[in-house]
Amino acid sequence: MLRQLQCSASVRFFLPPDIMNVVANPVCKQSVRWRRKPPGTPLAKSKLFRIPPRPQVPEEERIELFRLTTNYNTFIKSVREFLREEVQSAAGKEQLADAVSMDDDLIRCKEINDKWNAEVALIREKRLLHEKEEKLNLISKRLEERKIRERNRVAEINELVRMEKEKEKYYITSENIDEAIENALRGEVDYNFAIDVKGNIYKGEVAEENLEKKAVETV
Amino acid sequence: MPFMKGPAPIRRTLKYLEAGKVILRDRVKILSVNYNTKGDHHHGARNFVFWHLPQLQYKNPDVQIITFKNMTPTPFIRCFFDSGDEMIIDIDSRTKDEIIDHLVKVVCKSEELLAAEALAKEKKDNPANFGFGCDKHCICDIPGQIPCPAVVPVPSHMRGKNIFAKD
């Protein structure tokens, strides 16, 4: 008996049966490049500006089709709704039956579990309370630190202001600008002085006679 | 022989898996564990999942076991039964051993049931059976019996179709 070989229906129709086992494995086969265009490839040039023809449906046919489809949809929807109601009522009955016939063992286990859950809830409450307290402590500590920082900052600023106020004596303002200019013009700086290791300044171009004695005196 | 890869690969050894204590009831279909990867009160849950989940799945291959991470403030286990019921087991700040013991008490088969099932299984594992799924594949395997019926056809008076044929 010949095996049923994989062969297209059209080929099977035209060829005699005894040749089928050769045709099933032909020497040259047509192959298909791809089933559909791969994603990302652009449209073919012949299809770029193609405008598909708008389908022209005669008015009477359109009305008839619409009528038929709406009737069909209504029918299907009603059947589905009916089945849904049936299933729901059946499921409801089943659930009732299940609830009634549930294992006593399982009920007992649920009770044990509820007790366990209650214990864990207590532990959790304690933990959350503890965490809340810690958080509050941390917040108050941070606020304190911020206050201290603020106080220090204000003190520093005050110190700066005080120093500036002291220096204010030597500022040149619009009132004493003329005086300051005159002083600057008049002011002569005498660079003829000597300085010893101790930082004592001895003014004058020529060293005084008793400089050494003086130095000794200062020392 | 090189070391097994991964953290605590002993969890993947057969001996460890066979030592699992948790054999869930037949009615339990899904078991889900919700826990976080950080947090002291999730430590027990994390350990339970790390150490005992492989054992659990090995012993209950037909139960869907799934973990949800970082979705909950407190860890819990949820068991779904075939009736649509569910059981929530709170495991906040519990150690893995406590969790295992509680599971054994609440959702596992009792020891008597396990013993009865083991007994029933032994009856099925009769070494005298032969054929598909048995140790001996054919009657010819057993010493002192007939040669293989695939080679030497069984005499007609021994064939079932002749013995039980209604004339």
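For the reader, a short list of remarks on this structure follows.
- Hits in region A:117-173 (condition: of a type in the set (S, T, N, Q) and either within 14 Å of chain B (Cβ to nearest Cβ) or closer than 30 Å to B:I89 by Cβ (or both)): A:N117
- Among residues of region B:1-26 that are on the phi > 0 side of the Ramachandran plot and modelled with pLDDT under 95, those with a beta-carbon under 9 Å from a residue that is of a type in the set (A, V, I, L, M, F, W, C) and outside any loop (DSSP other than H, G, I, E, B) at least six positions away or on a different chain give the pairs B:A8/B:F50; B:A8/B:W51.
- Against the test of being at the interface with chain A (Cβ under 9 Å from one of its Cβ atoms), closer than 21 Å to B:V22 by Cβ and without any contact (Cβ under 8 Å) to a residue 12 or more places away in the chain, the options B:D101, B:D85, B:D90 yield a single qualifying residue, B:D85.
- When the residues of region B:13-32 are filtered to those that are of a type in the set (A, V, I, L, M, F, W, C) and out of contact with any Phe, Trp or Tyr (no Cβ under 7 Å at 6 or more places or on another chain), the one that is farthest from the other protein chains (Cβ to nearest Cβ) is B:L14.
- Residues considered: B:H42, B:H52. Of these, the only one that is within 14 Å of chain A (Cβ to nearest Cβ), of a type outside the set (V, I, T) and out of contact with any Cys (no Cβ under 6 Å at 6 or more places or on another chain) is B:H42.
- Lone qualifier among B:H42, B:H52 - being buried (at least 17 other Cβ atoms within 10 Å of the Cβ), under 14 Å from the mean Cα position of the chain (by Cα) and part of a helix (DSSP H, G or I): B:H52
- Which numbered condition A:V22 fails, given (1) in a helix (DSSP H, G or I); (2) at pLDDT below 75; (3) within 14 Å of chain B (Cβ to nearest Cβ): (3)
- Selection within region B:1-28 - loosely packed, with under 15 Cβ neighbours inside 10 Å and either touching a strand residue (DSSP E or B) at 6+ places or on another chain (Cβ under 7 Å) or part of a helix (DSSP H, G or I) (or both): B:P9, B:I10, B:R12, B:L14, B:K15, B:E18
- Enumeration of residues in region B:69-82 that are closer than 15 Å to B:Y35 by Cβ and either touching an Asp or Glu at 6+ places or on another chain (Cβ under 8 Å) or away from chain A (no Cβ under 11 Å) (or both): B:K69, B:N70, B:M71, B:T72, B:T74, B:P75, B:F76, B:R78
- Residue match in region A:57-80 (condition: in a loop (DSSP other than H, G, I, E, B), away from chain B (no Cβ under 12 Å) and either without any contact (Cβ under 8 Å) to a residue 24 or more places away in the chain or in contact with a Phe, Trp or Tyr (Cβ under 8 Å, 6 or more places away or on another chain) (or both)): yes
The values are calculated or read from the model by the stated rules, or taken from the named source; none is laboratory data. Just so you know, these numbers come straight off a predicted model, no measurement behind them. Don't worry about glycine lacking a Cβ; one is built from the backbone with ideal geometry, like all the others, and counts go over all protein chains shown.
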